[in-house]
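First the structure, in the form of structure tokens, and then the observations on it.
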Amino acid sequence: MFCLVLMFIRQVKKELDDLRDKLQPLTMKYRKEKERIDEIRKLKQRREELMFSLQEAERRMDLARVADLKYGALQELDAAISKLEGETGENLMLTETVGPEQIAEVQYDCNYRIFQRTNNPDSLGGHLAEMVIFLVSRW
């Protein structure tokens, strides 16, 4: 009996080690993508700040500053942002934007859960539906 327990523990430890080995590349990929997205956000924030500075310089008629921002710093930032956004791979774990597929998936999940709750007589939703029908029929 004790030997069976030891064998079971060894098997569980082996499976746990295998799972850790599979998790490590996923964790590295996640961190790399997270760093890329954080860098893009930081560059976009910097671009917004420079755009505000550009508007201020235009209002003050500081043409040297306007030219420096418009044809120097902003173009460099735009190039860096484009480069980082262009480095996207096929199987991304993280995305900056939400696409129609993700919206449809969430909508389907919500509708399915609502359907499950309202059609299950043991759930609160099922009881509420019965109560509403009862009250409407008596009214």
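The values are calculated or read from the model by the stated rules, or taken from the named source; none is laboratory data. Computed from a predicted structure; not experimentally measured. A quick note on method: Cβ atoms are made from the backbone with ideal geometry, for glycine too, and the neighbour counts reach across all protein chains shown.
Against the definition (modelled with pLDDT of 90 or more and touching an Asp or Glu at 6+ places or on another chain (Cβ under 8 Å)), how does Ile81 come out, yes or no? Answer is no for this residue.
Do the conditions hold for Glu76, that is, is it at pLDDT 90 or above, surrounded by 11 or more Cβ atoms within 10 Å (Cβ to Cβ) and either out of contact with any Leu (no Cβ under 9 Å at 6 or more places or on another chain) or not basic (Lys, Arg) (or both)?
Against the criterion (at pLDDT 90 or above, surrounded by 11 or more Cβ atoms within 10 Å (Cβ to Cβ) and either out of contact with any Leu (no Cβ under 9 Å at 6 or more places or on another chain) or not basic (Lys, Arg) (or both)), Glu76 qualifies.
Residues in the stretch 23-70 that are without any contact (Cβ under 8 Å) to a residue 40 or more places away in the chain and among the acidic types (Asp, Glu): Glu35, Asp38, Glu48, Glu49, Glu56, Glu58, Asp62, Asp68.
Say we look at the stretch 53-62 and pick out the residues that are part of a helix (DSSP H, G or I) and loosely packed, with under 11 Cβ neighbours inside 10 Å; which of these is farthest from the chain's Cα centre (by Cα)? So the residue we want is Arg60. Regarding Glu33, is this residue assigned to a helix (DSSP H, G or I) and in contact with a Gly (Cβ under 9 Å, 6 or more places away or on another chain)? Yes.
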